[in-house]
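**Q** Before anything else, here's the structure in question.
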Amino acid sequence: MQSCNAEQFDIVTCYQQFLKDDPDVSMPIAAIESLVELIKHSKATTLTEFMESLKDASQKLKSSVKNSISLSAGADLFLRFVTRTSHDVTNFDACREHLMNSGKVLVEKAAAVREKIGDLGTILIHSYSRVVMLLLQRAAACKKRFKVYVTESRPSGLGIRATKVLCKAGIPATVIYDTAVGYVIDKVDAVFVGAEGVVENGGLINAIGTYQLAIVAKAANKPFYAVIESYKFVRLFPLNQYDLPTHTPDLLTFLDLEHHHTDLSEDEVIGNYEAINPTVDYTPPDYITLLCTDLGVLTPSGSVPN
């Protein structure tokens with residue numbers, strides 16, 4: 001990434017550039033890298049001013065995206081790390097240098113998390129998850145034979161992208177309609193999903209459709225595993241779907257049918273329906289068999305971070 005001087009530095013632009021430079025980088029890692037860059041360009045002269053600038057930048061990052069759950073996990077993790085570290089260093093300049101170096105190490109460790117999670121078997125997956133993709137590729141490299149059903153995952157259609165990646169790696173994979181999950185569930189041994197965040201009660205926030213997939217899996221007595229990186233633990237405690245920070249009053253509202261169907265083209269009608277539908281949902285811990293992480297395999301009840 002190209003560097004810029006302190007006057008030109010913008011945390012949101014920096015974050016977007018990290019995502020652009022590396023399509024495989026996740027939102028939490030990009031957020032941490034952006035905050036490390038902020039430290040490098042910071043003009044703060046006191047620790048208090050420095051901490052305030054980090055908090056403001058973190059909030060600005062969260063406000064810049066529609067769905068900030070995954071981003072918040074990385075930003076909040078780094079802020080907790082900075083808060084704890086700053087108490088151990090008395091000299092401000094030394095503190096800033098230490099945080100820059102430690103932040104880079106944190107990014108390297110976070111980026112390596114996906115390599116630590118073990119191999120899998122025959123599964124049904126939902127949407128596109130970088131860590132799930134890597135797990136399947138590692139399983140194939142270990143000469144394991146398996147087939148993969150991939151949900152289409154509308155409206156993003158990321159299941160199609162996942163299928164292309166798997167087929168390119170020599171893994172038999174096929175796309176199924178989101179509505180066909182109940183049809184194929186008896187053919188799979190287990191369900192594996194990624195997550196945008198693991199909340200404080202051990203539940204998941206992930207691409208829309210994850211919750212209904214978990215319900216079907218439980219009804220069919222199939223294990224439902226979430227494969228996630230430990231830096232995605234987020235300090236939220238939703239009680240239901242409507243407690244998510246992505247929920248707005250506009251979601252799932254009823255459109256004006258008279259004008260909706262007579263004045264708009266088909267593409268505009270589809271666009272309006274997409275605008276009022278959620279992009280993520282919450283899966284309660286009761287539906288999750290285990291959490292597979294770089295810290296080990298955890299039960300949902302034992303996943304709450306300290």
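The values are calculated or read from the model by the stated rules, or taken from the named source; none is laboratory data. Source: prediction; values computed, not measured. Cβ atoms come from the backbone with ideal geometry, glycine included; neighbour counts cover every protein chain shown. Remember, those area values only see protein heavy atoms, side chains included, never the ligands or the DNA or RNA. Shrake-Rupley method; radii C 1.70, N 1.55, O 1.52, S 1.80 Å.
**Q** In this structure, is Thr13 open to solvent by 60 Å² or more (accessible area, probe 1.4 Å) and touching a helix residue (DSSP H, G or I) at 6+ places or on another chain (Cβ under 8 Å)?
**A** no
**Q** Let me ask another. Search the stretch 211-238 for residues that are more than 12 Å from Pro285 (Cα to Cα) and in contact (Cβ under 8 Å) with a residue 60 or more places away in the chain and pair each with any residue that is of a type in the set (Lys, Arg) and open to solvent by 10 Å² or more (accessible area, probe 1.4 Å) when their beta-carbon atoms are under 7 Å apart and the residues are at least 6 apart or on different chains.
**A** Glu229/Arg114
**Q** When the residues of the stretch 27-55 are narrowed to those that are under 22 Å from Glu196 (Cα atoms) and of a type in the set (Gly, Ala, Ser), which ends up surrounded by the most Cβ atoms within 10 Å (Cβ to Cβ)?
**A** Only one residue fits best here, namely Ala31.
**Q** From the list Leu79, Leu99, Leu120, exactly one residue is modelled with pLDDT of 80 or more, of a type outside the set (D, E, K, R) and open to solvent by less than 40 Å² (accessible area, probe 1.4 Å). Which is it?
**A** Matching residue, one of Leu79, Leu99, Leu120: Leu79.
**Q** Would you confirm whether any residue within the stretch 203-210 is of a type outside the set (Ser, Thr, Tyr), over 21 Å from Ser301 (Cα atoms) and surrounded by fewer than 15 Cβ atoms within 10 Å (Cβ to Cβ)?
**A** no
**Q** Is there a residue being under 15 Å from Thr13 (Cα atoms) and in a loop (DSSP other than H, G, I, E, B) anywhere in the stretch 46-57?
**A** no
**Q** Looking only at the stretch 141-163, decide whether some residue is closer than 18 Å to Ser129 by Cα, free of Cβ contacts under 8 Å to residues at least 40 places away in the same chain and either in contact with a Lys or Arg (Cβ under 7 Å, 6 or more places away or on another chain) or among the polar types (S, T, N, Q) (or both).
**A** Looking for residues that are closer than 18 Å to Ser129 by Cα, free of Cβ contacts under 8 Å to residues at least 40 places away in the same chain and either in contact with a Lys or Arg (Cβ under 7 Å, 6 or more places away or on another chain) or among the polar types (S, T, N, Q) (or both), one finds at least one in the stretch 141-163, hence yes.
**Q** Can you tell me which residue is farthest from Asp286 (Cα to Cα) among those in the stretch 146-173 that are of a type in the set (S, T, N, Q) and at pLDDT 95 or above?
**A** Checked the stretch 146-173; the qualifying residue farthest from Asp286 (Cα to Cα) is Thr163.
**Q** While we're looking at this one, here's another question. Residues to consider are Lys40, Lys66; find the one that is in a helix (DSSP H, G or I) and not small (Gly, Ala, Ser).
**A** Lys40
**Q** Which ones in the stretch 265-306 are open to solvent by 70 Å² or more (accessible area, probe 1.4 Å), modelled with pLDDT under 75 and outside any helix (DSSP H, G or I)?
**A** Hit for the stretch 265-306 is Asn306, nothing else.
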